[in-house]
Every structure is written in C-alpha cells, then in structure tokens.
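J.: Here it is, the structure in full.
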Amino acid sequence: MKAIAEAPSKVIITGEHFVVHGAWALAAAIPRKSRVEVSKSDRLRVSSDRFRGANHPALRAIARVVVAMSKEFSFSPSLTVAVSSQVPEGSGLGSSASTMVALSSSLSRLHSLRLSLDEVIRFSMIGEGQIHGRPSGIDSTVCARGGVILFTPGTSPKQVRLSRPRSLVVCHSGITRSTRRQINRVSGVKEMFPSLFAGLTESASEVSLMAADLLKKDDMKGLGRLLNFNHAVLSTLGVSNRALDRLVDLLLSLGCYGAKLTGAGGGGSVLAVAPEGKEKSIISGLKARGFDAFIAGIPVKGVESWLER
Ligand code: PMV
C-alpha cells in the first residue's frame with residue numbers, strides 16, 4: 001500500500017520579500033506539480049528526480065519532516081519516500097514548498113491522520129525552515145490551499161475569488177539561486193535603512209491589496225501596471241539583476257501589460273500579465289529566444305492525496 005499526494009507550485013503576484021517582514025502578499029497556485037509517494041519500508045529511504053546527491057538540503061529537510069511527524073503521531077519513520085516534480089529547483093516557483101506540502105499530506109494519508117490543511121502547512125514549514133531559514137509561510141499556504149491567496153504572516157489567509165479563469169505568463173530566467181541568500185540580502189537593506197524599509201513594506205501591502213482587487217475585477221491592464229511598479233521596488237532592494245531586468249523588458253516588448261520577478265529573485269522566474277489571446281504568441285517569442293516559458297491557468301486546486309495498492 002502506498003500513499004500519493006500532489007501539490008501545485010506557485011507564483012507570487014506581488015509582495016514577495018516584504019511579506020517576510022509583515023506585508024500582505026498576493027500569490028496563486030499554478031498547475032506545475034510536485035508528487036510524493038510514501039510506503040512502509042525497513043529504513044528511511046528518500047529519492048528524488050529533482051534533488052540529487054545524498055546530502056542535498058531538500059532531501060535532509062524531507063527526512064526531518066518525516067522524523068518530526070513520526071514522533072508526533074507515533075509511527076515508524078522507516079519509509080520509502082519518492083519525490084518527483086515538474087518544478088525546477090531554485091526557480092522561484094515554490095519547488096520545495098510544493099514538495100513539503102505533498103510530503104506531509106501523503107504521510108497523513110498513509111497513516112490515516114486526517115490532518116487539516118493548517119497542520120499539513122505546519123509540518124511542511126519544518127522542511128521549509130530548514131531549507132530557507134526564515135520563510136514567511138506564503139509558499140506552503142498557497143501550495144496546500146490552491147487558488148489565489150492574500151497572505152500576511154499570523155492571520156488567516158484570504159482566498160481571492162476570480163470572476164473567471166485567467167492565464168498568467170511565467171518564464172524561467174535559466175538562473176538558479178538560493179532563497180535563503182536573497183532573504184538575507186533584503187534583511188541587510190532593512191537593517192541599513194529601517195524607516196525607509198518600513199515605508200516600502202507598507203506600500204507593498206497596499207500594492208497587494210490593490211492587485212487582489214484588480215484581479216477580482218478582471219482588470220488585467222491595471223494589474224500589469226502594478227507588476228511593473230512592484231518590480232521597480234524589488235530592484236531597489238537589490239533582488240533583481242540585469243538578466244531579470246532584460247527579461248522583464250523583453251516581456252513588455254512582446255506586448256505584456258506588465259512583468260516582474262516572482263519569488264526571491266536573483267534569478268528564478270519572471271511573471272507577466274498579457275492581453276487575453278496573446279499569451280501563446282508571447283510564449284513562442286520567449287521559446288524562440290531559448291527560454292523555458294509556459295502559460296499558467298489560474299485558479300488551480302491545492303494539495304490532493306489518495307491511497308494506491
Ligand atoms: O523564490 P521562492 O519560491 O523561494 O519564494 C520566496 C518568497 C519570499 O517572499 C522571498 C520568501 C518568503 O518566504 O516569503
């Protein structure tokens with residue numbers, strides 16, 4: 001008997017980094033998934049098609065979540081855990097959160113624990129904390145709950161209901177980087193300019209609340225302008241770079257309403273909003289230049305799990 005769970009990945013639409021310091025951020029689950037299969041075994045074995053090398057931090061974080069849950073719920077940690085993912089690591093699309101959420105959900109299913117989504121998120125955060133240091137929890141929340149979510153640490157996340165399905169354009173820069181290092185870089189800016197940073201954090205909250213409103217009203221042009229604004233602010237923090245700025249410019253020149261880095265920056269991915277019907281030609285333009293780009297339809301469901309013989 002094995003338990004399987006699949007969790008979506010995510011894009012942060014607005015408010016990344018500032019969310020770590022208490023701002024509202026807006027994020028959406030996207031259809032690229034991570035899948036975890038767990039079954040009983042004679043010892044703990046973790047394998048992955050993404051996280052390679054026995055000492056990979058994600059594999060160690062997976063083992064830590066297994067041990068933490070086994071202690072809390074008194075089951076044996078001797079398990080086979082197999083991870084596969086459609087999400088490139090270090091791409092700003094929440095590969096680790098989507099894996100950790102699928103992991104805690106699959107363990108809950110295998111041992112009939114019936115964990116609530118809040119508990120699935122709590123256990124996934126043990127792994128996320130080990131990998132990223134001090135994550136806000138937005139990635140795990142969105143990968144577990146799905147949909148489009150307004151999030152700020154310490155309060156209940158709010159689902160943003162769209163009047164109809166929409167498409168976002170996501171393009172990987174091809175550069176991988178560490179979220180932990182990017183978070184530390186931003187904390188350095190906060191230490192150096194505390195009052196300026198407080199103002200930017202407040203403004204980031206305002207941007208996210210406005211972005212949620214525009215998305216609800218289906219005003220993609222307005223949302224695009226906010227993405228451009230948010231990218232400029234993230235650049236002032238030092239989390240963009242020339243490659244990301246060039247990619248943003250390219251997306252705008254291909255006709256997008258707006259574009260910005262998504263996630264921790266320093267590499268990873270860029271998110272854009274395009275006029276309806278133009279998404280496919282924009283993706284072709286990106287692919288022709290060698291980028292891994294795709295259309296992410298939203299909203300998508302959160303984590304799902306089931307048993308198989
Ligand atoms: O790049 P990612 O997928 O690791 O996204 C991190 C988002 C941050 O806001 C930078 C950190 C966080 O935990 O909120």
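J.: Can you say what percent of the DSSP beta bridges in the chain, counting only those with both residues inside, are antiparallel? Round to 5. Write out the running numbers ahead of the final one.
T.: Numbers: 47 of 51 bridges.
So the antiparallel bridges amount to about 90 percent of the total.
J.: Additional query: Determine the equivalent ellipsoid of the chain by diagonalising the alpha-carbon gyration tensor, then write out the semi-axes as square roots of 5 times the eigenvalues, largest first, rounded to whole Å. Write out the running numbers ahead of the final one.
T.: Details: eigenvalues 204, 84, 67 Å².
The three semi-axes for the chain are 32, 20, 18 Å.
J.: Mind listing the phi-derived Karplus ³J(HN,Hα) values for region 41-53, rounded to whole Hz, using 6.51, -1.76 and 1.60 with θ = phi - 60°, and x for any glycine or proline?
T.: Along region 41-53, the couplings run 8, 8, 7, 7, 10, 10, 10, 8, 7, 10, 8, 9, x Hz.
J.: Still on this structure: With springs only between Cα atoms under 10 Å, which of Lys221, Lys278, Lys260 fluctuates most in a Gaussian network model of the chain?
T.: Highest fluctuation of the listed residues: Lys278.
J.: Regarding region 199-241, what whole-number volume in Å³ per residue does the convex hull of its Cα atoms give?
T.: Working: hull volume 2.5 nm³, N = 43.
Dividing the Cα hull volume of region 199-241 by its residue count gives 58 Å³.
J.: Principal axes first, then extents: for the Cα atoms of region 166-298, list largest minus smallest coordinate on each axis, whole Å, largest first.
T.: Extents along the principal axes: 44, 33, 22 Å.
J.: Relative contact order, percent, of the chain when contacts are C-alpha pairs under 8 Å separated by at least 6 residues?
T.: On the way: 717 pairs, mean separation 86.8, N = 309.
It rounds to 28 percent for the chain.
J.: Please compute the contact order of region 166-298 in relative form: average sequence separation of alpha-carbon pairs under 8 Å and at least six residues apart, divided by the residue count, as a percent.
T.: Numbers: 198 pairs, mean separation 56.3, N = 133.
The normalised contact order for region 166-298 reaches 42 percent.
J.: Additional query: Based on the mean of other beta carbon atoms within 10 Å per residue, what is the order of 194-201, 46-53, most packed first? Don't jump to the answer; show the numbers that get you there.
T.: Numbers: 194-201: 13.6, 46-53: 15.8.
Top to bottom by mean Cβ count within 10 Å: 46-53, 194-201.
J.: Take the chain, connect every pair of alpha-carbon atoms lying under 10 Å apart with a spring to form a Gaussian network, then pick out the residue of Asp245, Asp42, Asp292 with the largest mean-square fluctuation.
T.: Maximum among the listed residues: Asp42.
J.: Here's another thing I want to ask about it. Could you tell me the center-to-center distance, by alpha carbons, between region 270-289 and region 192-252 in angstrom?
T.: Computed from Cα coordinates, the inter-centre distance equals 20 Å.
J.: Who wins for biggest fluctuation among Arg122, Arg64, Arg114 in a Gaussian network model of the chain, springs between alpha carbons below 10 Å?
T.: Evaluated over the chain, the most mobile residue of the options is Arg114.
J.: Turning to a different aspect of this structure: How much of the accessible area of the chain, in percent, comes from carbon and sulfur atoms when a 1.4 Å probe is used?
T.: Details: 6630 of 13020 Å².
Result for the chain: 51 percent of the exposed heavy-atom area is carbon or sulfur.
J.: How far is it, in nm, from the label point at Ser74 to the one at Arg43 when both lie 7 Å from their Cα along the line to the Cβ?
T.: It is 2.7 nm.
J.: If you don't mind, there's one more thing I want to ask. Could you tally the net charge around Ser39, taking each other residue with its Cβ under 15 Å from the Cβ of Ser39, Lys/Arg +1 and Asp/Glu -1? Present the calculation step by step, with values, prior to reporting the outcome.
T.: Values: positive: Lys2, Arg35, Lys40, Arg43, Arg45, Arg109, Arg309; negative: Glu37, Asp42, Glu308.
Residues near Ser39 contribute +4 overall.
J.: Something else about it: Apply the Karplus curve 6.51 cos²θ - 1.76 cosθ + 1.60, θ = phi - 60°, to the phi angles in region 10-21 and return the couplings in whole Hz, x for Gly and Pro.
T.: So the J values, rounded to whole Hz, are 8, 10, 8, 7, 8, x, 4, 6, 4, 5, 5, 9.
J.: Let me ask you something else. Work out how much length Arg225 to Asn241 would gain on full extension: take 0.36 nm times their residue separation and subtract the Cα-Cα distance, in nm to one decimal. Intermediate values should be presented prior to the final figure.
T.: Details: separation 16, 0.36 × 16 = 5.76 nm, distance 2.00 nm.
Computed gain between Arg225 and Asn241 is 3.8 nm.
J.: Would you be so kind as to identify which of Ile282, Val148, Ser203 lies farthest towards the positive end of the dipole of the chain, taking Lys and Arg as +1 and Asp and Glu as -1 on Cβ and the Cα centre as origin?
T.: Value: Ile282.
J.: Oh, and also: Could you work out [θ]222 nm for the chain from helices alone, using -39500 (n - 2.57) per DSSP H run of at least four and dividing by all its residues? Round to the nearest 500 deg cm²/dmol.
T.: Computed ellipticity for the chain at 222 nm equals -14000 deg cm²/dmol.
J.: Output the pairs from Lys190/Lys217; Lys10/Lys278; Lys260/Lys280 with a Cα-Cα distance over 27 Å in this structure; if there are none, say none.
T.: Numbers: Lys190/Lys217 34 Å; Lys10/Lys278 22 Å; Lys260/Lys280 19 Å.
Over 27 Å Cα-Cα: Lys190/Lys217.
The values are calculated or read from the model by the stated rules, or taken from the named source; none is laboratory data. These figures come from a predicted structure and were not determined experimentally. Glycine gets a Cβ as well: all are built from the backbone with ideal geometry, and neighbour counts include every protein chain shown. The accessibility values were calculated without ligands, DNA or RNA, using every heavy atom of the protein model including side chains. Shrake-Rupley method; radii C 1.70, N 1.55, O 1.52, S 1.80 Å.
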